[in-house]
Amino acid sequence: MTKDTDHLGRPIVVVTGMGVLTSLGQGQADNWAALTSGVSGIRRISRFPIDGLRTTIAGTVDFVPVPEPSAPALSQRLAELVIEEAVGEAGIGRVGDFPGPLFLALPPVEMEWGQRFALAAASGANDAVTYDDLLRVAGNGSFEPYYRRFLFSSVGENLAERFGTKGSPVATSTACASGGTAIQLGVEAIRRGETDAALVVGTDASVNPESLIRFSLLSALSTRNDPPSSASRPFSKDREGFVMAEGAGALVLESLAGARARGAVVLAVVEGCGEVADGFHRTRSSPDGKPIIACMREALADAGLEPDAIGYINAHGTGTPENDKMEWVGVSAVFGERAGSIPMSSNKSMIGHSLTAAGAVEAIFSVLTIRNGLLPPTINYDVPDPALPVDCVPNVARAVRVRHAISNSFGFGGQNVCLVLGTV
Amino acid sequence: MAHERDALITGIGIVSCLGSGADAHWAALNAFTPVLDTDSFPPFAVHPLAPLELDKQIPKRGDQRQMEAWQRIGVFAAGQALDSAGVKGNTDLLSRMGMIVAAGGGERDYAVDAAILSGYPKAANPGAYLNEHLLGDLRPTLFLAQLSNLLAGNISIVHGVIGSSRTFMGEEASGADAVRIVCARIAAGQGDIMLVGGSYNAQRPDVLLHYEMGGLQLRSPFGPVWARQAAGGGLLLGSVGCFLVIESRTHAAARGASAYAHIAAIRSDRCLRQPGQATANAKAQFEAMAAHYDPAGAAVISGASGAAAATREESAFLAGLGLPVRASATAVGHSLEPSFPASLAFAAMAVRHGVLFPPLEAAEQAMTAPLTQALVTSWGHWRGESLALVTTA
């Protein structure tokens, strides 16, 4: 690559550092080894009682201790760990002094049952506890840490302070596309010339009773609890839902010019981003697949590539009947006759659906796929679905040289983001 | 000097205790009487949302039922902004219109919560009890009425804004960053016309609970923002929905749209709020926009929350500017995510009318000179400092 600008004259945006943490482990090396060996990180939930639940499994991250556990506390801790890895690999800035803004994909923040029960107990109310009782004791001073922890800004503020990112930290939520949105925000800021570098993070540690039950009530989750490793079955005819999971991914994005100037190793190029919202329904895609198709085409156009250039699709591939069907509708429209022969695998078959983090985690795995020339498989592909004639890299990793890959993220609320990643 | 990629405000949608729409707000600001609900959540008060004719902006009852109040407030204000800009129903334009929404989360089912809180301590197996009641008692669709990004999702469904959809979270700063990034994208040609804003329902026990845990809720007397500082300050929350249509000067001119105002500059930053740090951020922001600033016709629309430390420091900073100031939270209550868009809307209305509305309390000075620009501040009650300069279009 000789020029610092792309086909539209914009600064080329590259990845110079990555950090990842999933139910498979911490760090690029452990994750990549497990992912390409077809290992599942899905397990029985041990964090809280599972009595009466229809789904009793998840891709929890149980090996990272936090004091006063809560979704934002663990999400923040996972983010810290992946940022340390990414910034370390990039060798950018100084410790606590990252030379650019923070774009954070974060799950919505809400006080949890543990805190509500603590307030109720403090209220001394015996029979019928109401919010009036909670309000009566809330201001006694001892619950101030709850207030701070459950501000939507707390995770981003704490990360910005710890890593010394510049300006106001942006925390974004576009449901299961959030990680992709955070990357897109970083890419756009660099293309505008606002900054030479951006720190992009997706993190999610939301496996708690209410979050699990909310998804369960929408009939979105797999109930194939035994064995847990078999539950996530993207593209299989007997797929029945996704598996909630936790994880985090961080990427250091830089302008190619900036990376060159400081002699950084360039891991990959973020060649294009596409984004199209879907106004059809709150949880379902337009039946014609138009928004998904437009989103992939927009990402390709942004990258200045024809569909023929794409050698691998990192599928959204949640393993819900609806998602996998609609993703195939989109891919077959965009890629035509080649659709069934482009390898298209789902990391979620092994790590589950890390929701807010998924777009960032899977972009990192897409970069590792390109760099290693090895496609992670879709495990649990036992019963092919004749309606989805995909090459999902069934069950065993495959060595293939890939120059350009597309990573898809689709979420509730009509959120669609596609990224095109390529070799240097 | 006018530039083709200037970011112009061409549409305003706003609902609050003062009414519905920009004109109603302008009238109410010029004949200000506080609208407070002191009965529903004693010992606290809130600025309650004025009654809305929801059908005007959310015609399908099915859509209304799928949303909780915070989403209905936002979807209503978004539709009003599209109407105000003259783009409502323009499918071609809306399909390429981008959107950034600043959002918190939605309402809970308070009856279900109360029942679980009551039964849990007595349950033989508390964990099983919680699971059983969440599974049995939560409405399946409530989740979608709570998710932060589903305000944007509902705007896509009801109004057809589908060019892009991003949701920012993080109290006051999220509203300011949403506008900042919209303006930056327009300036850089990463979009021509965008919808930006947010909504807040203050009439909810769970949000009052949150700020009460932080020791921030104001108690009687419920005075205006500056006057209440003598007694220690505090937050008086208000239900607000506010969306703005922001577009490039070229795009607005091409479709013959008239603009309220021009966002000449906007900046945001953060600090730990050690004494003086927020002031240093504000000073740096102000100096960065000096080229556009003309004190002769300027005033300040302040987003001061009322929280003691930040409001005291902002008040001192503003005193140094020597401009007339209006605190928008006195008028509509403090509304977190949409508070900055709402202050920006007030600034845009004032600039378009060429006159500042009268003082909202004794501490605010009158302004008789013509108004040509307004500084808009947003210092978060906890973190985040933002400043914008709004000038005549």
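For the stretch A:375-424, the tally of residues that are among the basic types (Lys, Arg) and either closer than 21 Å to A:Gly352 by Cβ or without any contact (Cβ under 8 Å) to a residue 40 or more places away in the chain (or both) stands at 0. Of all the numbered requirements in (1) farther than 21 Å from A:Gln415 by Cβ; (2) open to solvent by 20 Å² or more (accessible area, probe 1.4 Å); (3) among the aliphatic types (A, V, I, L, M); (4) more than 7 Å from every other protein chain (Cβ to nearest Cβ), B:Ala188 misses one, and that requirement is (4). Scanning the stretch A:151-168 for residues that are buried (at least 21 other Cβ atoms within 10 Å of the Cβ) and within 7 Å of chain B (Cβ to nearest Cβ) turns up A:Leu151, A:Phe152, A:Ser153, A:Gly156, A:Glu157, A:Ala160, A:Ser168. Within the stretch B:88-104, the set of residues being in a loop (DSSP other than H, G, I, E, B) and surrounded by fewer than 23 Cβ atoms within 10 Å (Cβ to Cβ) comprises B:Lys88, B:Gly89, B:Asn90, B:Arg96. Return a yes/no flag: does the stretch B:35-43 have any residue that is touching a helix residue (DSSP H, G or I) at 6+ places or on another chain (Cβ under 7 Å) and open to solvent by less than 10 Å² (accessible area, probe 1.4 Å). For the stretch B:35-43, residues touching a helix residue (DSSP H, G or I) at 6+ places or on another chain (Cβ under 7 Å) and open to solvent by less than 10 Å² (accessible area, probe 1.4 Å): absent. B:Ile193 meets each of the listed conditions (1) open to solvent by 10 Å² or more (accessible area, probe 1.4 Å); (2) hydrophobic (A, V, I, L, M, F, W, C); (3) within 23 Å of B:Ala7 (Cα to Cα); (4) away from chain A (no Cβ under 11 Å) apart from (1). A:Ala73 satisfies every condition listed in (1) more than 14 Å from every other protein chain (Cβ to nearest Cβ); (2) out of contact with any Gly (no Cβ under 6 Å at 6 or more places or on another chain); (3) in a helix (DSSP H, G or I); (4) surrounded by 23 or more Cβ atoms within 10 Å (Cβ to Cβ) except (4). Here B:His210 fulfils each of the conditions (1) more than 27 Å from A:Arg149 (Cβ to Cβ); (2) not in a loop (DSSP other than H, G, I, E, B) apart from (1).
This table checks each residue for (1) under 23 Å from A:Leu212 (Cβ atoms); (2) surrounded by 17 or more Cβ atoms within 10 Å (Cβ to Cβ); (3) in the same structural domain as A:Ala160 (by TED's automatic domain parsing).
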| site | (1), (2), (3) |
| --- | --- |
| A:Leu21 | yes, yes, yes |
| A:Trp32 | no, yes, yes |
| A:Arg44 | yes, no, yes |
| A:Gly52 | yes, yes, yes |
| A:Thr60 | yes, yes, yes |
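B:Arg219 meets all of the listed conditions (1) touching an Asp or Glu at 6+ places or on another chain (Cβ under 8 Å); (2) on the phi < 0 side of the Ramachandran plot; (3) within 14 Å of chain A (Cβ to nearest Cβ); (4) open to solvent by 20 Å² or more (accessible area, probe 1.4 Å) but one, namely (1).
Assess whether A:Gly330 counts as being open to solvent by less than 30 Å² (accessible area, probe 1.4 Å), under 27 Å from A:Thr172 (Cα atoms) and outside any helix (DSSP H, G or I). No.
For the residues B:Ala291, B:Ala282, the requirement of being open to solvent by 50 Å² or more (accessible area, probe 1.4 Å), closer than 20 Å to B:Leu375 by Cα and over 16 Å from the mean Cα position of the chain (by Cα) singles out B:Ala291. Can you find a residue in the stretch A:289-303 that is in a strand (DSSP E or B), among the aliphatic types (A, V, I, L, M) and within 15 Å of A:Gly359 (Cα to Cα)? Scanning the stretch A:289-303, I find no residue that is in a strand (DSSP E or B), among the aliphatic types (A, V, I, L, M) and within 15 Å of A:Gly359 (Cα to Cα), so the answer is no. Quick one: in the stretch A:9-19, of everything that is open to solvent by 30 Å² or more (accessible area, probe 1.4 Å) and in a loop (DSSP other than H, G, I, E, B), which residue is nearest to A:Val269 (Cα to Cα)? Per the stated criteria, the residue is A:Arg10. So how many residues does the stretch B:113-138 have that are at the interface with chain A (Cβ under 8 Å from one of its Cβ atoms), open to solvent by 10 Å² or more (accessible area, probe 1.4 Å) and touching a residue at least 12 places away in the same chain (Cβ under 8 Å)? Residues meeting the conditions: 2. Candidates are the residues of the stretch A:186-216 that are outside any strand (DSSP E or B) and more than 14 Å from chain B (Cβ to nearest Cβ); the one that is farthest from the chain's Cα centre (by Cα) is A:Asp196. Residues in the stretch A:217-244 that are among the small types (Gly, Ala, Ser), open to solvent by less than 10 Å² (accessible area, probe 1.4 Å) and not in a loop (DSSP other than H, G, I, E, B): A:Ser236 alone. Considering only residues that are open to solvent by 10 Å² or more (accessible area, probe 1.4 Å) and over 21 Å from the mean Cα position of the chain (by Cα), look in the stretch A:399-422 and name the one that is nearest to A:Glu271 (Cα to Cα). Filtering the stretch A:399-422 for residues that are open to solvent by 10 Å² or more (accessible area, probe 1.4 Å) and over 21 Å from the mean Cα position of the chain (by Cα), the one nearest to A:Glu271 (Cα to Cα) comes out as A:Arg403.
So that you can scan it fast, the table gives a plain yes or no per residue for (1) within 7 Å of chain A (Cβ to nearest Cβ); (2) open to solvent by less than 10 Å² (accessible area, probe 1.4 Å):
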{"residue": "B:Pro140", "(1), (2)": "yes, no"}
{"residue": "B:Gln146", "(1), (2)": "no, no"}
{"residue": "B:Gly153", "(1), (2)": "yes, yes"}
{"residue": "B:Val161", "(1), (2)": "no, yes"}
{"residue": "B:Ala173", "(1), (2)": "yes, no"}
{"residue": "B:Ala184", "(1), (2)": "yes, no"}
{"residue": "B:Gly197", "(1), (2)": "no, yes"}
{"residue": "B:Leu209", "(1), (2)": "yes, yes"}
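Checking the stated criteria, A:Ala264 turns out to be in contact with a helix residue (DSSP H, G or I) (Cβ under 7 Å, 6 or more places away or on another chain), over 23 Å from B:Arg166 (Cα atoms) and more than 10 Å from chain B (Cβ to nearest Cβ). When B:Arg249, B:Arg255, B:Arg352, B:Arg270 are checked against the criterion of being within 18 Å of B:Ala374 (Cβ to Cβ), among the basic types (Lys, Arg) and modelled with pLDDT of 95 or more, B:Arg352 stands alone in meeting it. Is it true that some residue in the stretch A:107-120 is within 27 Å of B:Gly127 (Cα to Cα), in contact (Cβ under 8 Å) with a residue 60 or more places away in the chain and hydrophobic (A, V, I, L, M, F, W, C)? For the stretch A:107-120, residues within 27 Å of B:Gly127 (Cα to Cα), in contact (Cβ under 8 Å) with a residue 60 or more places away in the chain and hydrophobic (A, V, I, L, M, F, W, C): present. Scanning the stretch A:125-147 for residues that are free of Cβ contacts under 8 Å to residues at least 60 places away in the same chain, more than 7 Å from every other protein chain (Cβ to nearest Cβ) and open to solvent by 50 Å² or more (accessible area, probe 1.4 Å) gives A:Asn126, A:Asp132, A:Arg136, A:Asn140, A:Ser142. Scanning the stretch A:89-124 for residues that are farther than 30 Å from A:Met18 by Cα and either surrounded by 19 or more Cβ atoms within 10 Å (Cβ to Cβ) or within 10 Å of chain B (Cβ to nearest Cβ) (or both) yields A:Met111, A:Glu112, A:Trp113, A:Gln115, A:Arg116, A:Phe117, A:Leu119, A:Ala120, A:Ala121, A:Ser123. When residues in the stretch B:10-33 are screened for being in a loop (DSSP other than H, G, I, E, B) and not β-branched (Val, Ile, Thr), 6 of them pass.
Screening the candidates A:Val265, A:Val276 for the property of being in the same structural domain as A:Lys237 (by TED's automatic domain parsing), touching a Pro at 6+ places or on another chain (Cβ under 8 Å) and open to solvent by 10 Å² or more (accessible area, probe 1.4 Å) yields one hit, A:Val276.
The values are calculated or read from the model by the stated rules, or taken from the named source; none is laboratory data. What you see is a predicted model; the values in this text were computed from it and never measured. Reconstructed Cβ throughout: ideal geometry from the backbone, glycine too, with neighbour counts over all protein chains shown. Accessible surface is based on the protein model in full, side chains and every heavy atom, while ligands, DNA and RNA are left aside. Shrake-Rupley method; radii C 1.70, N 1.55, O 1.52, S 1.80 Å.
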